[in-house]
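Enquirer: Below you will find the structure I want to go over with you.
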Amino acid sequence: MTSRFIAPVALTCDADCTVVRDAVVDVASDGRIAWVGPAAQAPASDAPVRAVPGLLMPGLVNTHCHTPMTVLRGMGGDLPLMEWLVGVMWPAEALLDGDDVRVGMVAGGVELLRTGCTTSAEMYFFTDAVVDAVLAVGTRAVVTPGIIAAPGWDRLGTWEQMRDDVSARIDAHGLRFGPGERIELGYGPHAAYTLPAEALRSVAEHAAQRDALVHIHVAESAQEDAHVREEFGSVPALLESSGLLAGRLLAAHAVQLSDDDVALLGRRGAGVAHCPGSNGKLAAGVARVPALRAAGARVGLGTDGPASGDDLDLWHQARLAGLLARLGTGDAAALTAADLLLLATRDGATALGRDDIGVIEAGRWADLVHVDLEDPAFVDPDDDAQLLSNLVWAGGARAVRDVWVAGEQVLQSGEPTRVDAGETLAAARAVARRLHATV
């Protein structure tokens with residue numbers, strides 16, 4: 001059934017960050033947006049009307065996450081990256097099975113929806129469990145199963161087997177599938193320091209043959225950077241020589257970059273997932289976002305996993321990104337409120353190579369978020385500039401009320417419509433207690 005949404009205001013999150021007053025958004029029966037604009041210009045329609053008493057905007061796009069790690073949240077919380085990863089995370093993850101991963105992904109999916117995030121780029125293992133959880137909650141995900149060759153991970157197979165599993169899945173299902181194309185498949189080679197150069201070249205070839213996204217951690221720590229730079233020039237240089245930068249690439253973190261590295265990622269139009277919260281908590285570094293954007297890289301925002309970034313709130317990441325950019329450049333307008341909003345929506349979609357999400361625009365999926373303008377964060381919602389500023393800097397997740405994915409309501413008054421929130425939380429806590437007691 002087609003439907004018509006009406007709202008006092010809509011933020012389309014197009015390139016100009018257009019604010020539409022007295023807005024209408026028509027959604028076709030296939031779950032895509034058919035028309036958007038002011039009511040005075042709306043086409044005639046006899047579709048059922050949904051009146052939204054606040055603001056409509058596109059769903060947020062989280063460009064880098066390991067959402068099933070909700071069950072590992074808080075473990076090793078005061079350790080540097082490599083000590084945390086090798087000494088705490090990997091032993092804990094060795095205890096997970098597919099059921100645990102599904103529980104963690106469902107819990108995290110509900111959490112994402114409550115912040116207004118409809119799409120996440122997921123790198124994890126137990127792919128069937130991740131996909132099943134996404135479809136159960138009703139979110140949207142770019143699922144890039146992990147590919148790794150590090151001590152202990154051979155329990156899941158060789159890197160060749162992991163690569164071949166992804167290729168077989170894409171060949172069987174296509175790149176996108178599920179209701180409203182909620183699932184996109186890609187490749188998740190973990191990092192340059194956990195895979196041989198041969199593996200990166202091979203993944204690049206498999207991905208190029210299928211036009212698939214490759215999602216990889218890039219130059220996340222000084223230790224990684226020093227190791228790879230000594231042998232290959234830098235992590236981006238290795239990605240270039242392996243062929244990965246010639247295809248659809250999403251570089252997570254990208255904090256340890258030289259001027260040449262920034263220029264290379266920009267010249268190749270690589271996607272970059274900026275995760276300021278996780279990078280700061282692990283004392284890993286700060287990505288040079290203004291420089292990357294100026295060079296031509298396609299930058300979006302990511303929370304990272306809830307075991308390192310803890311909070312799955314992309315609004316929090318937007319604020320951190322703005323603060324760090326301003327401090328790093330000495331420019332209070334280095335990233336404006338409009339810039340930050342687009343980083344969390346349109347630009348995040350672009351970083352994933354997607355032109356069907358992230359904007360309220362005809363032809364894109366109707367992934368919509370209702371924000372309550374009665375929240376005290378909004379002091380003058382009738383003023384466009386004030387509305388944007390208040391939304392980004394003061395409102396955000398706490399004002400999210402309802403969420404639709406492909407036109408289907410998946411969050412109503414803060415509660416998920418497809419799964420029971422109480423049961424979901426109880427299941428996640430049971431897994432977490434077992435893991436915390438064992439590790």
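Enquirer: At 7 Å along the Cα-to-beta-carbon direction for both Ala222 and Asp420, put a label point, then send me their distance in nm to one decimal.
Expert: Those two pseudo-labels are separated by 5.1 nm.
Enquirer: Distance in nm between label sites at Ser413 and Ala44, each 7 Å beyond Cα in the beta-carbon direction?
Expert: Rounded to a tenth, the inter-label distance reads 3.7 nm.
Enquirer: Okay, next question. What is the local net charge at Gly422, summed over the other residues whose Cβ is closer than 12 Å to its Cβ (Lys, Arg +1; Asp, Glu -1)?
Expert: Once all neighbours under 12 Å are counted, the net charge is -2.
Enquirer: With θ set to phi - 60° and the Karplus curve 6.51 cos²θ - 1.76 cosθ + 1.60, what are the ³J(HN,Hα) couplings of the stretch 114-130 in order, to the nearest whole Hz, using x for Gly and Pro?
Expert: So the Karplus estimates, Gly and Pro as x, are 5, 9, x, 8, 9, 10, 9, 8, 9, 10, 7, 10, 6, 4, 4, 5, 5 Hz.
Enquirer: Looking at the stretch 96-212, send over the antiparallel percent of its DSSP beta bridges, to the nearest 5.
Expert: 20
Enquirer: Follow-up. When only C-alpha pairs under 8 Å and at least 6 residues apart count, what is the relative contact order of the chain, in percent?
Expert: The value is 21 percent.
Enquirer: Quick one: net charge of Val431's neighbours, Cβ under 9 Å, K/R +1, D/E -1?
Expert: Around Val431, the surrounding residues sum to +1.
Enquirer: Over the stretch 398-439, what is the relative contact order in percent, taking alpha-carbon pairs closer than 8 angstrom and at least six residues apart?
Expert: 21
Enquirer: In addition: On full extension of the chain, what length is gained from Ala283 through Trp35, given 0.36 nm per residue of separation minus the C-alpha to C-alpha distance?
Expert: Net length gain for the segment: 84.8 nm.
Enquirer: Please compute the modelled spin-label separation between Glu198 and Arg434, points set 7 Å along Cα→Cβ, answer in nm with one decimal.
Expert: Simple spin-label model gives 3.7 nm for this pair.
Enquirer: Name the residues of the stretch 181-221 whose amide N is less than 17 Å from a point 7 angstrom out from the Cα of Met82 along the C-beta direction?
Expert: 191-196, 217-221
Enquirer: Looking at the chain, what % of its DSSP beta bridges pair antiparallel, to the nearest 5?
Expert: Counting DSSP beta bridges with both partners in the chain, the antiparallel share is about 50 percent.
Enquirer: Which of these, Asp46, Asp171, Asp225, has the largest mean-square fluctuation under a Gaussian network model of the chain (Cα springs below 10 Å)?
Expert: Sorting by GNM fluctuation, first place goes to Asp46.
Enquirer: How large is ³J(HN,Hα), in whole Hz, for each residue of the stretch 70-84 in order, when computed from phi with the Karplus curve 6.51 cos²θ - 1.76 cosθ + 1.60 and θ = phi - 60°, using x for Gly and Pro?
Expert: 3, 6, 10, 4, x, 6, x, x, 10, 10, x, 3, 5, 5, 5
Enquirer: While we're here: For a Förster distance of 30 Å, can you work out the FRET efficiency between the beta-carbons of Ser241 and Ala168, rounded to the nearest 0.05?
Expert: The pair Ser241/Ala168 has a calculated efficiency of 0.65.
Enquirer: What FRET efficiency comes out for Leu175 versus Gln386 if R0 is 51 angstrom and r is the Cβ-Cβ distance? Round to the nearest 0.05.
Expert: Step by step, r from the Cβ atoms, then E = 0.80.
Enquirer: In a shell of Cβ-Cβ distance under 12 Å around Ile170, excluding Ile170 itself, what net charge do Lys and Arg (+1) and Asp and Glu (-1) give?
Expert: Computed value for this residue: -1.
Quick note: the coordinates plus some simple rules give every number you see, no bench work behind them. This structure is a prediction, so every number in the text was calculated from the model and none was measured. Cβ atoms come from the backbone with ideal geometry, glycine included; neighbour counts cover every protein chain shown.
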